[in-house]
Structures are given as C-alpha cells and as structure tokens.
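So the structure is just underneath, and the comments pick up after that.
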Amino acid sequence: MSNEIQEDEFNIHWIRDVVDEVLARDVDEYVLSTGKSPSGSIHIGFVRELITSNVIKRELKDLGKKARSLFVVDDYDPVRAFPPSVSLSLDEWVGIPYCDVPDEFGCCDSFGSHWANELIETFPDFGLDPEIVWTSKLYQTPEMRDAVRICLKETETLREIMIKYVASDFNDAQRTKYIKAMEDWYPASILCPECGKFQAGAKGSIKPNRVTGYDIETDHVSFKCPGCGHEASVPLDKVKVKLTWRIDWPTKWYVLNVTCEPAGKDHSVKGGSYDTGLEVSRRVFDWAGPVKVPYEWVMIGGRDMGTSTGIVFSPKVWTEIAPPELYRFLMLKTDLQRTINIQPERVPDLVDQYDRFERVYYEVEETTSDEKELAKLLYPLSESNPVRNEYLPKLPFKFAVTISQLEEVIGTEPVIAKSIEVMHKQYDIESVSDDILAHIRKRLDRALKWVTNFGSKREKIAVPVEVPESIISTITDDDRKFLTLLLKTLRKSSLEDEELQTEIFESAREVGIKTKRAFTVLYRILISSKSGPRIGPFLNMLGTDWVAKRIESVL
Ligand SMILES: [Zn+2]
Ligand SMILES: [Zn+2]
C-alpha cells in the first residue's frame, strides 16, 4: 500500500456499503462482534477488526439505531503452543484453557486475561468501547448450556456440515478416512475433572477429550480423557464442556445475537470457518447468522499479524510512538479487501499527513472540494474522541523528533518554550491552553520513543555533555577564527533560523574556509558527528547562549 494520501484512492465507500448491508437486517438492536484468542501479545493488525466494528456501530448510532459492540475473548480455548517469550512449561499447561493457566507476570487472574487486558487497556486510546465477553464465563451461562445441548442433539446435521466444508478439497482417500472418523464424532469436548485438560498433545498431535456419546433422554455425556485416561458418563450440567471451534463460533453468534462480525481472511475464506458457521446458523439454530465482513491483514514493516513468531507489534507499542487516531485513519481510508503495510520508519511522514488532513477538516488548509468532502466524512470516524469544535494546533512531528532529543541537554522548559514558538509561527494562537501543553508533551514523548526505536542514524542526535578531547585536538587555527567570528554574531542579537544559516556562510567566507568545513566543525563540536540536522534551526533549538558557551569551551 502506498501511504501517500494524495496518491491513494480513497475507498471510504466500504463503510457505507457495510452499514447498508447490516441495516438490511432491520433488527431492534444491532450487535457488532469481534473475537480473539488470548494466546499471547495481540498484534495491532487485529485492531483493524475492532475499528471496523466500532465505525459500523458509530454510523448506526448516527442513524438513530440501537447498537452495541462486543469483544469476545476466547480465553476458554486450550493452550496449543506458547509464544517464545513465555516462560511457562508447555508440557505442563498444554490442553488447559487459557483462563486456567496462571499469569506469569502475576498481575491478572490468568494467562488469558493478562494478554486480553494488555489489549483492552489501549481501547480508550483507540476510541474503542466494546463490552468484554469472556468465553470462559459465557460457557457457564444457562443460555450457552442450552445452545450446547442443541448442538449435541443435532450432532448428525453437524457431521454433515463438517464433512461438506472440511473435506471439500480432500482427495478420495482423505475424504473416505474423514467420513469414517466422523461416524462417532461429537461437536464438543469435556474439561477432564481429573487433569483439567480439554485435550492432550501439542500442536500437530492434538487428541481432544471429545464427547464419545450423548444420551438425549438422560442428558448424559460420556468421555474418556486421552491425557489421564479418566472416563465417565455424567449429566451435561455437571461437566465443563466446550464446542469444537467451527461449531463454537456460530453458537456464540446465536447466544449473543450477533448481527455482524468482521473476520480476518484466515477465517473468512470461501468454505472456511465463517461459511461453516453460517450454515450451522441456518440448519441448527434456524436463523441467518451475522453479516460476514472479511478484511485483509495489516503488516508492520512487512511482517504479518502472526502471533506465534518473535516480537509482536502490539497496539501499546503504537500508542507509544504515534497517535492512535493515525492508526484509525490508516485503517478506514483503505478498502477492507486491501492489505495495509505500515513502515514504522515512515511514522513522521504519516503523522504529517494526518495533521494536514485534520487541517483540511477544520478548513485551516486550502484544498480541493473533493478532499474537503472526504475529510468531513472520514476525519470524525478517525478520531478516538468526539471531534472538537475548534482546531487544536499540532506541533510538527519532525520538529518534535529533533527537539525531544535535546531535552536532557537544554532542559524541559526551553524545549516546551521553543515548541510553543514554532506553533505560534505557524498558527494564530491566542493563548497557550492546557490542551495545547498536553498535546506538546505527548507529541514530544512519542517522537523521542519513535526516534529511539525506529529513527535512522541521520535522525538520531546525541549531544555529549562536553566536547571530547579527540575532537578539540582536530580544530585548526582557521577553524578557531571562524568560530570566534560566529561567536560575536551569536552574542550580538537573536537571529531567525534562516538568518543564522546565512551568517554561518558569511563567517566562513570572511575567514576563508570552505562552508562545508565550517558546518563540519560545528556538528563535531555539538554532536561529535560530521553531519546533522539543518544547522540554523538546530542552533536555535539548542539556544544561542548554550551554543556560545559550547564554542567558548573549545577556543
Ligand atoms: Zn497480568
Ligand atoms: Zn484427564
């Protein structure tokens, strides 16, 4: 994907199309669902699903409809594997539901709630407010229990549906084998009361503790645990039970009365678990099931959303380096069917683009009528909070990147003062409100975190406390003449960035050293480097007094 807004073909119509499709259901209350298994740190790509559901809800409410959104945490799923960062023993915990695995960090009720909470804590930043549904708790409700009972009674129909979808692309031999295996298949597994596992074996060799028989008359289920060998026949009400994934999903839709659920391409491919679920909805629960809204992956720096490999770019990481509104904007402006690839290195450009888009919305930036129209629609949906009546000026992110790195050298107050000065030059600010100050602080923090983690060598600046001896020893007599002359200029009066830039050229010419040499000398004294940010603005950021003292220290 190109991140250039101007080049991008805006596909905002997808929101309108999806909302129309959902509206066609004509229900009293629209329920927008999303769901995720908390198997580890959740990748920011999943937030595309949450944002999609959130904007559908916002649009429905704008139309005066009743609408709710849900985030279903699948913490009743059994452990199949652990991400590399987890220190718990897989042998010990495999097959046990995430809600029963301890939180190795000790801050939450369980492993499942820890990773779900890491995501949930970022919801206010991203403007998300779904009701949280914990699958482990949902399964203990009478409504879910009744729905499980319906599934067990309809086992024969579910076998047919499973064969139709799962075996659709099998060859004859595989198909025969699968049909044979389905003869005594039941749609549910039992949490073994002896060993606490839903299944034995890890990824690749999983043996579920599947129901082996169901007696409709007595409502008894039988099972034999493949982990510890415990076997029993007990009333359905007396055991903990969980449906097979492809059956579990439509059963939750039915119990939660879901009108629409967006789903990633892994689940929403033709004949995949979404389609299986829709047929289960029609044939077993006798209703249409939700409106299927498929969406493509989000890649960060070319890496996909996989949660099982390596470091995960979580929503929390995003909020530390960039505004969450920018992420919403990037999701909304792109058609759901297109993969979004975000390069973290390009965050400053992306922030600039969103800042500009915001100015278009507030009509403080001239543009085409098409873009104005688009901003009216897209900007309020991109914002995490209700849109302000008046434009709040923004500190240019690229300026923040440089000056935030100087805070330790020149102090917080000068950094804030210079930030305000920059904003004054760009906008008509009557007074510096608390909101502006809060914005500046946040932007400086994000810029510093961004440059530390993703900035290039050229963007990173380190100012040593003193000029190192190794650098002082390289300063020539001509260099000293140039520095002495520049020092006089600095002491005389405060100069604008460009005037300062010109003065450096002039001083170099007067002394007779090459301008390139003059710049090199300055960068070496300031940041022990041959090059750096544009010198005029940079000297002003440091402050002429500070620079003058620095020059004196080497003369
Ligand atoms: Zn925790
Ligand atoms: Zn067992």
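Just so it is clear, none of the values below were taken in a lab; they were calculated from the coordinates. Computed from a prediction, not measured in an experiment: that's the story for all the values here. Positions of Cβ are backbone-derived with ideal geometry, glycine not excepted, and every protein chain shown enters the neighbour counts.
Worth a mention:
- Against the main long axis of the alpha-carbon atoms of the chain, helix 347-361 sits at an angle near 90°.
- Entries in 36/137; 316/376; 153/238 that, when Cα-Cα distance is taken, lie over 20 Å: 316/376
- Toward the positive end of the charge dipole of region 397-454, with +1 on the Cβ of Lys and Arg and -1 on the Cβ of Asp and Glu, the farthest Cα among 437, 403, 420 is that of 403.
- More than 14 angstrom apart: percent of Cα pairs within region 101-151: 64 percent
- Spatial extent of the chain: Rg and Dmax, with the Cα atoms as the point set, Å: 30.4, 104
- Seen against the Cα atoms of the chain and their longest principal axis, helix 111-120 is set at about 50 degrees.
- Rg over Rh [alpha-carbon atoms, Kirkwood Rh] for region 469-552: 0.91
- Beta bridges from DSSP with both residues in the chain: antiparallel share about 45 percent, rounded to the nearest 5.
- Alpha-carbon Debye profile of region 397-454, log10 I(q)/I(0) at 0.13, 0.22 Å⁻¹: -0.31, -0.84
- Using R0 = 41 Å, the C-beta based FRET efficiency linking residue 349 and residue 496 works out to 0.95.
- For region 216-316, the square roots a ≥ b ≥ c of the C-alpha gyration tensor eigenvalues yield an a/c of 1.5 or more together with a/b not exceeding b/c, which makes the shape oblate.
- Label point at residue 245 placed 7 Å out along Cα→Cβ; residues across region 272-303 whose backbone nitrogen lies under 15 Å: 272-277
- With the simple spin-label model, which puts each label point 7 Å out from Cα in the Cβ direction, the residue 92 to residue 20 separation comes to 5.7 nm.
- Degrees separating the helix 172-181 axis from the principal Cα axis of the chain, which is the longest one: 70 degrees
- No Cys partner within the rule (Cβ under 4.7 Å), the chain: 99, 107, 108, 151, 260
- For region 13-53, fraction of C-alpha pairs farther apart than 15 Å, in %: 55 percent
- The modelled label-to-label distance for the pair residue 458/residue 238, using points 7 Å beyond Cα in the direction of Cβ, is 7.4 nm.
- With one equal scatterer per alpha carbon and no solvent term, the Debye-computed log10 I(q)/I(0) for region 188-243 at 0.24 1/Å reads -0.87.
- Over region 386-528, volume per residue of the alpha carbon convex hull, in Å³: 138 Å³
- Reachable aspartates and glutamates, given that their alpha-carbon falls under 13 Å from the alpha-carbon of residue 265 and they are not under 8 places away in the same chain: 49, 275, 296, 304
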